There are 2 protein chains.
Amino acid sequence: MKVVIVGGVAGGASCAARLRRLDEKAEILMVERGPYVSYANCGLPYHVGGSIEKESSLLVATEKTFRGQFAVDCRTRCEVVGISSEKKTVELKNHATGEVTTEKYDKLVLSPGAAPIRPPLPGIDLPGIFSVRTVPDARSIREWLDRGAADYSEMNSYTGFQTMTKPKRAVVVGGGFIGLEMVENLVHRCLEVTLIEKLDQVMPPLDPEMARLVERYMVKHGVRLELNDGVAGFRQSVDGSLEVLTGSGKRHPADIVILAIGVRPETALAKMAGIEIGQRGGIRVDERMRTSDPDIFAVGDAVEVRDFVTGQWALIPLAGPANRQGRIAADVIAGRDSRYRGTQGTSICQIFEGTIAQTGASEKLLVQLGDKDFEKIYLYPNSHAGYYPGAKMLAIKVLFRKSDGRLLGAQVLGEDGVPKRIDSFAMAIQMGCTVYDLEESELCYAPPYGSAKDPVNFAGMVAANNLRGDMPLAHWNSLDNAFLLDVRNPPELAVESVPGALNIPLPQLRARLDELPRDREILVICRSAQRAYYATRILLQKGFKASNLSGGMLSRSMLVAK
Amino acid sequence: MKVVIVGGVAGGASCAARLRRLDEKAEILMVERGPYVSYANCGLPYHVGGSIEKESSLLVATEKTFRGQFAVDCRTRCEVVGISSEKKTVELKNHATGEVTTEKYDKLVLSPGAAPIRPPLPGIDLPGIFSVRTVPDARSIREWLDRGAADYSEMNSYTGFQTMTKPKRAVVVGGGFIGLEMVENLVHRCLEVTLIEKLDQVMPPLDPEMARLVERYMVKHGVRLELNDGVAGFRQSVDGSLEVLTGSGKRHPADIVILAIGVRPETALAKMAGIEIGQRGGIRVDERMRTSDPDIFAVGDAVEVRDFVTGQWALIPLAGPANRQGRIAADVIAGRDSRYRGTQGTSICQIFEGTIAQTGASEKLLVQLGDKDFEKIYLYPNSHAGYYPGAKMLAIKVLFRKSDGRLLGAQVLGEDGVPKRIDSFAMAIQMGCTVYDLEESELCYAPPYGSAKDPVNFAGMVAANNLRGDMPLAHWNSLDNAFLLDVRNPPELAVESVPGALNIPLPQLRARLDELPRDREILVICRSAQRAYYATRILLQKGFKASNLSGGMLSRSMLVAK
């Protein structure tokens, strides 16, 4: 059996290594268009920023590893320029020699990845505008940033060329994962950074109010945020530097521009092979990673996956899923019954001292699908026992099914303990957890690491309280004309108060019930919604109509425009 | 309805607060023998060590909170001195006034906790010997440690009393959680610390080879470890300092002694009430936290729980379970159908720069129960992508069912990313995960936080490879007379080699198969068992009998005595 694997990073490399382990006899040819296989493209922004110093650190396995350890015929700088699914052949072009050869295959695995979107805007090919996908991309960016410095000392003194000074101003276009990681790393390199994003939020997979918290970190670190504005073009100024023109007519000067608008599945080869492309524009595969041609498999960022929670087809380019898909394709080629279960979209991103992570469905995705059988909660627990030094507040949003309590999604932001919580939620979603299960989860606790009631338990309790009818919920962005009751203490109100809200501190509530209306819904407010929950319980048992404003004042700042 | 709750910490306090939320009308009386309710006893060692500076930080909620927010009649320094389950009364002694009163109850909740074991050894009541259970205990230890210092400056110069110098030498008796936390905190206070433990390992819930790794941290930080030696008694030296005498005849001088031998459920009240005590010496309760008397509930460290994995009765004193049990007792008293699902024993402990955590069953527990339907693996992955700075090696042991792949237990040690992994495993065990599920888990990955194949995935893959027959396993402590093949590279062997093992570096293996025996089992060795897995796959497919030595050389140092 001869297997040709196209693409030697994540999915392709995993497939090749796994297939060799399962089948010592298979002839395996892995071709990669670029100069490197199995490199850590997730590390590229950190290499640009300097925290990963050496380029060689990014090279996880080399051509030599594949040849020596895995007996895989591994060829870099080798591109597939033709596919005949009838003859079961691929045409390979060796970029070093220019030679084109034809190889037969029994099974073909496509792992071409996704390409950075590069819209045909005026000036997009000007020097100083970069994408971040490959090791050579990162090298070019580093050279651009460093060359300025070198030239500054060597040349500037006598040429006077402004363009030769060390780049000081960066514009990053696009506020997704790569955009944000590039922003952070350029700030680390002491550039003044402007982030331009067409949408009204950064990090599009997040819900907008959680993205607000990410945006605060940007602003705190001096990043200029330009939301709701798309790029219209680029041009070179008289001094040789760049100018980024936006749809709203603004001009942003820049010494370097990073394009991080998003990625698009590479489907040219798939189209050449005549296999099915899905409605989202990715290669359509079944759960065994087989395309519409039974001898062609596809894995990684180029394929459409089933969203694990909603069951919808989706494009979710992530390294973990790509690796698992490569492994599954190898299993199936080797005659095993492995199946891909879908993608949850578990992801995490460092935002300066903060971390934002999510897993499962967002509210906006559910709304977009017309799903109304869900509720959401916000909570702001400490990352570990408050009495132990270093505890930081987490901001957590959890989505769950109203009808059966099933956990649908979670978003967690904070400066400590975020990975621990998102992975608990991710495992919970994978296993079909309900919020009632989360109430009972037994997670690790010692003062430096957690609390006797972990934030994950706490999320389960808050959600289950709601589902059991013990705590009706209201949200700040749909207050209607309700009666507002603030149960905080007066010193807290002095800092920030809600116009029109009646203040009765919680310890006085039982004695002052006659100040409250019996014919209107009472929305109860406190700082984080905990005391408001206690108050809601009192009111409900005393025959009032009451709801807790989820997340209290801490949610208000995210949900209410000032 | 009148509910009397005995014990105002963890379980009792949770029960009182929850019950009030569910029932605004109930009369709730919570009595606590000590001076404080709802305090953070898990923080006591860190208060002694100084990282939690203020004693007041440990007081999570006060008598006032319970009276004001929860309308709970909360009485401290109030001890139950009599119970009549027939009359449904308790006799309360007010320690401030000496007065004894009788209170009726409709439901009684016992949350007395567990008391430090204090064997009747000669000299155990000498001054300078402390347990660590309550805020006053911690205060006494701090005073003892500080008084020396104060006295040193004020008195020592003219009294010359050696006993008045600042304590320098501490002996901690018992190497469980509290013992280890006290060791660390006393080292932080610059004491010379000796740890005496009767067993042959610290941290008894761990398997001994994982405890070895904990012990290395102790030794690294200058702690004198005395394993396999019990305390026989204490005496005062001529200079006023203490001496700890051990069963083996050793004498350890000490200026302070911490007893952390373990805890024993407080069952005096339960016995007074005539309710059933279980075979492990704790109060026997059903899954609704009801004792053998339908009007008496018990929660927290005083009760026996079902081990979630093995189904056996067990004493597992942990704060998280105690809180959940208190909540469940309140639910049931309020007429709800809540049930406790059992305790997994998820726990975590800081060991200087390291962290050790576990969840589920240990190997020694399974062996003790005669369970043979399990396999174990060891793995040593990076805490996050190796190419990103700060990655640290994790040591992970995972136990799983041979028959169906169910995850049974996990132990994780390392200096980064331990809480994240143990909570993933804990959630997985709760939800009945198999190792096949772990292979497919979608956990968070960005270079600072994880890897595309997270250690948890990796554990699933290693275990599943074994169960699918792709990778037979061997372990260092049962080598028999097998043929040893070391597939590492020669420079690695120069550092540490295995006597009698044949070395064929992995890349040469396919070409040198004729050097290997076809009639003997070949055990394959590398550093961490990854290359050995690749080699095992080659050998199996070429018709050899081969097994991978789980964890490679990294496991050897834990399992083979030198």
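The values are calculated or read from the model by the stated rules, or taken from the named source; none is laboratory data. Keep in mind it's a predicted model, so treat the numbers as computed, not measured. Glycine also receives a Cβ, built like all others from the backbone with ideal geometry; neighbour counts cover every protein chain displayed. The accessibility values were calculated without ligands, DNA or RNA, using every heavy atom of the protein model including side chains. Shrake-Rupley method; radii C 1.70, N 1.55, O 1.52, S 1.80 Å.
So here's what we get for this one:
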item: B:Tyr340 being more than 12 Å from every other protein chain (Cβ to nearest Cβ) and either free of Cβ contacts under 8 Å to residues at least 60 places away in the same chain or in contact with a Gly (Cβ under 8 Å, 6 or more places away or on another chain) (or both); result: no
item: So B:Met393, is it away from chain A (no Cβ under 14 Å), within 23 Å of A:Val418 (Cα to Cα) and open to solvent by 20 Å² or more (accessible area, probe 1.4 Å); result: yes
item: Residue within the range B:486-497 that is more than 10 Å from every other protein chain (Cβ to nearest Cβ), in contact with a strand residue (DSSP E or B) (Cβ under 9 Å, 6 or more places away or on another chain), free of Cβ contacts under 8 Å to residues at least 12 places away in the same chain and open to solvent by 10 Å² or more (accessible area, probe 1.4 Å) present; result: yes
item: Flag for B:Gly247 being open to solvent by less than 40 Å² (accessible area, probe 1.4 Å) and either at pLDDT below 95 or of a type outside the set (A, V, I, L, M, F, W, C) (or both); result: no
item: Selected residue (only one of A:Val398, A:Val309, A:Val332, A:Val299 is more than 23 Å from A:Ala474 (Cβ to Cβ), touching a residue at least 12 places away in the same chain (Cβ under 8 Å) and more than 14 Å from every other protein chain (Cβ to nearest Cβ)); result: A:Val332
item: Residue in the range B:311-333 that is charged (D, E, K, R), open to solvent by 10 Å² or more (accessible area, probe 1.4 Å) and more than 21 Å from A:Val456 (Cα to Cα) present; result: no
item: Single unsatisfied condition, A:Gly233 versus (1) touching a residue at least 24 places away in the same chain (Cβ under 8 Å); (2) surrounded by fewer than 17 Cβ atoms within 10 Å (Cβ to Cβ); (3) under 24 Å from A:Arg556 (Cβ atoms); result: (3)
item: Within the range A:368-386, tally of residues that are within 14 Å of chain B (Cβ to nearest Cβ), at pLDDT 95 or above and open to solvent by 20 Å² or more (accessible area, probe 1.4 Å); result: 1
item: Residues (crowded, with 20+ Cβ neighbours inside 10 Å and more than 16 Å from B:Phe308 (Cβ to Cβ)) located in the range B:358-367; result: B:Glu363
item: Single condition B:Ala535 does not satisfy, out of (1) in contact with a Leu (Cβ under 8 Å, 6 or more places away or on another chain); (2) more than 14 Å from every other protein chain (Cβ to nearest Cβ); (3) part of a helix (DSSP H, G or I); (4) among the aliphatic types (A, V, I, L, M); result: (2)
item: Candidate set from the range A:42-57 (those that are surrounded by fewer than 22 Cβ atoms within 10 Å (Cβ to Cβ) and within 7 Å of chain B (Cβ to nearest Cβ)); member that is nearest to A:Ile351 (Cα to Cα); result: A:Ser51
item: B:Asp480 vs. criteria in a loop (DSSP other than H, G, I, E, B) and within 14 Å of another protein chain (Cβ to nearest Cβ); result: no
item: Number of the exception - B:Ser38 against (1) farther than 18 Å from B:Arg336 by Cα; (2) touching a residue at least 60 places away in the same chain (Cβ under 8 Å); (3) among the hydroxyl-bearing types (Ser, Thr, Tyr); (4) surrounded by 22 or more Cβ atoms within 10 Å (Cβ to Cβ); result: (2)
item: Residues located in the range B:21-32, provided they are open to solvent by less than 10 Å² (accessible area, probe 1.4 Å) and in contact with a helix residue (DSSP H, G or I) (Cβ under 8 Å, 6 or more places away or on another chain); result: B:Ala26, B:Ile28, B:Met30
item: Meets criteria (touching a Phe, Trp or Tyr at 6+ places or on another chain (Cβ under 6 Å) and at pLDDT 95 or above) for B:Ser547; result: no
item: Leading residue by the ranking (least open to solvent (accessible area, probe 1.4 Å)) among those in the range B:505-562 that are closer than 25 Å to B:Ala211 by Cα and charged (D, E, K, R); result: B:Arg556
item: Scope the range A:179-205; condition touching a residue at least 40 places away in the same chain (Cβ under 8 Å), of a type in the set (A, V, I, L, M), farther than 14 Å from A:Ile351 by Cβ and surrounded by fewer than 24 Cβ atoms within 10 Å (Cβ to Cβ); matching residues; result: A:Leu191
item: Matching residues in the range A:428-475 - criterion: being of a type in the set (Phe, Trp, Tyr) and either under 26 Å from the mean Cα position of the chain (by Cα) or at pLDDT below 95 (or both); result: A:Tyr449, A:Phe458
item: Search result, residues across the range B:421-441 that are open to solvent by 10 Å² or more (accessible area, probe 1.4 Å) and either in a helix (DSSP H, G or I) or more than 8 Å from chain A (Cβ to nearest Cβ) (or both); result: B:Gln430, B:Thr434, B:Tyr436, B:Asp437, B:Glu440
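Every residue, every condition in (1) over 20 Å from B:Leu479 (Cβ atoms); (2) in contact with a Phe, Trp or Tyr (Cβ under 9 Å, 6 or more places away or on another chain), yes or no:
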{"position": "B:Glu496", "(1), (2)": "no, no"}
{"position": "B:Pro505", "(1), (2)": "yes, no"}
{"position": "B:Pro517", "(1), (2)": "no, yes"}
{"position": "B:Ile522", "(1), (2)": "no, yes"}
{"position": "B:Arg531", "(1), (2)": "no, no"}
{"position": "B:Leu539", "(1), (2)": "no, no"}
{"position": "B:Lys542", "(1), (2)": "yes, no"}
